[in-house]
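The values are calculated or read from the model by the stated rules, or taken from the named source; none is laboratory data. Please read all numbers here as calculations on a predicted model, not as lab measurements. Cβ coordinates were reconstructed from backbone atoms using ideal geometry, including for glycine residues, and neighbour counts include every protein chain displayed. In case anyone asks, the SASA skips ligands and DNA or RNA and just uses the protein heavy atoms, side chains included. Shrake-Rupley method; radii C 1.70, N 1.55, O 1.52, S 1.80 Å.
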Amino acid sequence: MDLAEKFVKEEGRKSLLIVILSVLFAAVTNWFIVPYGLYSGGILGFCQLIRTLITQATGVKPPFDYAGLLYYAVNIPIMIAVSRLMGKRYFAKTLLCVTSQSIGMALIPIPSTIPIASPLAAVLVGGILRGALIGLCMKYGANDGGMDLVAILMLQKNRHITVGNLNLIINAILYIAMGIHFNLTTVVYSLISSAMMAYALDRFYSQGINIEVHIITRQDPSELEGAILKELRRSVTTWDGVGIYAGEPVHILYVVLNKYEMSTLRRLVRIYEPDAFLVETQGVTVGGNFEKHLG
């Protein structure tokens, strides 16, 4: 199996995992949030709130929860609006994630009786599981859309922002609106669930971990430099040196990227410079004109 086939197989595996994780997210939402009359955060929470208001106004309760379908309808224009800022693979995986979540929330049955007697235990378990599942989806190169997508885009402007903290700010607006319509207990439990989800999300999706890489090679690195610029959209700094052991001239390439881009960089090095020597340093602090990338 050549490198191209391995890459396709790996991307297929990640896409399958994204679908599974997204469906599990929908299941946790329908089992640990909806039965207690609670609400998610972000755009999904707004969609759930709209669903409740429509049901109360019409008195008609469909046999499935159409909040997921409302969420899908809202996400499509958002994704189109920001598609120019997203890579093709990231866009495709995000679309896969949002579609799987939306269909899952519509099709997975909501229990007629609450699964856990204690609402507090339910929101804690539900919040942690949902945050972990979305964090893993992000790790595999996807996003669950809505405000989370907007939040990650904002990371390019401010490297001190975290996805979880932005979600908490956005959720505060949602829960103030909820507080006007519902009782305080519903708002408090929903806030606890969102806070736990934000905490778990930041633990599973460490978007702030940067890596500096030195690539040392004897071959002409121009093809590798072009591939890094094209596929990773990262600039490369180069200089010439001398390998003391062999006494031969070498080329040194220096690039800084995030931890989730490293697998792509290693693949490019194997293709264009298989005999190159790599030095990786994790957790470096980067300032100035360093672009935050998605996924």
Could you please give the count of residues in segment 186-221 that are open to solvent by 20 Å² or more (accessible area, probe 1.4 Å) and within 30 Å of Y272 (Cα to Cα)?
-> 10
Quick check, is L129 surrounded by fewer than 20 Cβ atoms within 10 Å (Cβ to Cβ) and either modelled with pLDDT of 90 or more or more than 12 Å from V23 (Cα to Cα) (or both)?
-> no
Within segment 257-267, which residues are among the hydroxyl-bearing types (S, T, Y) and either surrounded by 14 or more Cβ atoms within 10 Å (Cβ to Cβ) or more than 19 Å from K88 (Cα to Cα) (or both)?
-> Y260, T264
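Suppose we keep only residues that are of a type in the set (K, R) and within 18 Å of Y140 (Cα to Cα) within segment 74-112. Which one would you say is least open to solvent (accessible area, probe 1.4 Å)?
Looking at the filtered set, the residue picked out is K93.
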Does segment 236-251 include one or more residues that are within 19 Å of N210 (Cβ to Cβ), in contact (Cβ under 8 Å) with a residue 24 or more places away in the chain and under 29 Å from the mean Cα position of the chain (by Cα)?
-> no
How many residues of segment 42-58 are open to solvent by 50 Å² or more (accessible area, probe 1.4 Å) and at pLDDT below 85? The answer is 0
How many residues of segment 222-256 are in contact with a strand residue (DSSP E or B) (Cβ under 6 Å, 6 or more places away or on another chain), open to solvent by less than 30 Å² (accessible area, probe 1.4 Å) and farther than 17 Å from E280 by Cβ? The answer is 3
Is at least one residue of segment 241-248 closer than 25 Å to K6 by Cα and modelled with pLDDT of 85 or more?
-> no
Matching residues in segment 6-49 (farther than 25 Å from L136 by Cβ, more than 25 Å from the chain's Cα centre (by Cα) and assigned to a helix (DSSP H, G or I)) number 0
Would you be able to tell me the number of residues in segment 151-185 that are open to solvent by 50 Å² or more (accessible area, probe 1.4 Å) and modelled with pLDDT of 60 or more?
-> 11
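Going through Y66, Y71 one at a time, which residue ends up being open to solvent by less than 30 Å² (accessible area, probe 1.4 Å), modelled with pLDDT of 85 or more and either more than 23 Å from the chain's Cα centre (by Cα) or not small (G, A, S) (or both)?
Values: Y66 fails: open to solvent by less than 30 Å² (accessible area, probe 1.4 Å).
Going through Y66, Y71 in turn, the sole match is Y71.
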Single unsatisfied condition, V98 versus (1) modelled with pLDDT of 80 or more; (2) touching an Asp or Glu at 6+ places or on another chain (Cβ under 7 Å); (3) closer than 23 Å to R233 by Cβ | (3)
